[in-house]
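Heads up, the thing below is written out as structure tokens.
Coordinate-derived values only; no laboratory data. All values reported here derive from a predicted model rather than from experimental measurement. Cβ atoms come from the backbone with ideal geometry, glycine included; neighbour counts cover every protein chain shown.
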Amino acid sequence: MLFMILTVMAILSSKSKTGEIDGLSFIQTDIYNLWATALLPIMVVILVSLDQFQGRQAHELQRYYANDWSINKLYLAKLIKFWALILLAQLEVCLVTMLSNLLTTGNVTQIGTLLGVSMLIWLGALPLISVNTFLLHYATPVIASILNVGLVIMSVLLQNVFSPFFALNPWNYSLRAIALLRINPNNTILAKNSWMAHDLSFIWYIIVAVLGWLLIDYLFITLIGKQRWQKRWNCRYSSLNTNHY
């Protein structure tokens, strides 16, 4: 709804009869820049915080401990659920962008590129889910949202999106991906011959980084599992000692 309102406002206020600037749809530029810099990280925070709130209300962890269910599988299932929901949201953004392009320019172009960029943004969202799942145990959703958006803005201001070390910062992934649509993170349009809009080598960095985060998640849930079994063993040992005396 937000993007469709933005589209209508763009149609009413634009002086461009074609809906394009330098051959690129301006509404597409606005939508993907807004999505990558603010709405995606905020959506991740909202999804994770709502799930954690509902889990506390339903005493989810207590039920898992009481029924001797695997906490590892619970964490993995939640990670997959969040990632699937982000995929649905990303596909919706892509479809709305196509519709917005049709309304403003009269045609839909770059369909393959739009889908490819959307999949890259979705792929790079996994580290954000992992980080915010941990962060929201210690910070409120408002603070977490401010931190996420602040880190994105810092990446733009420091201009490290196109540096060789961009993969070390998960908040860079979506910003680097939208460059394939000739969108600069500062919401300007890249030149048609810009290397940033044609360089695909960064995709491997994102894939390797995401695999690294999957490994971190695996080690994290394994650690949770060991702590759980150690806690359970200590409880049983204490119970045995009590019964003996």
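Side notes on the structure shown:
- Across region 117-123, rounded Karplus estimates of 3J(HN,Hα) from the backbone phi angles (6.51 cos²θ - 1.76 cosθ + 1.60, θ = phi - 60°) give 5, 4, 5, 5, 5, 4, 4 Hz, Gly and Pro being marked x.
- Centre-to-centre, using Cα atoms only, region 90-147 and region 183-201 are separated by 18 Å.
- 3J(HN,Hα) along region 44-55, derived from phi through the Karplus expression 6.51 cos²θ - 1.76 cosθ + 1.60 where θ = phi - 60°, amounts to 4, 4, 5, 4, 5, 5, 5, 5, 5, 5, 5, x Hz, with x in place of Gly and Pro.
- Measure of compaction for region 1-154 (Cα Rg per 2.2 N^0.38 Å): 1.26
- Extension gain (nm, one decimal) between Q159 and L34, 0.36 nm per residue minus Cα-Cα: 43.3 nm
- Rounded to whole Hz, the Karplus (6.51, -1.76, 1.60) HN-Hα couplings of region 199-206, x for glycine and proline: 7, 9, 5, 5, 4, 5, 4, 5
- Anisotropy class of region 1-47 from Cα gyration tensor, a/c 1.5 cut: oblate
- Highest average first, the peptides 121-129, 34-42 ordered by how many other beta carbon atoms sit within 10 Å of their residues are 121-129, 34-42.
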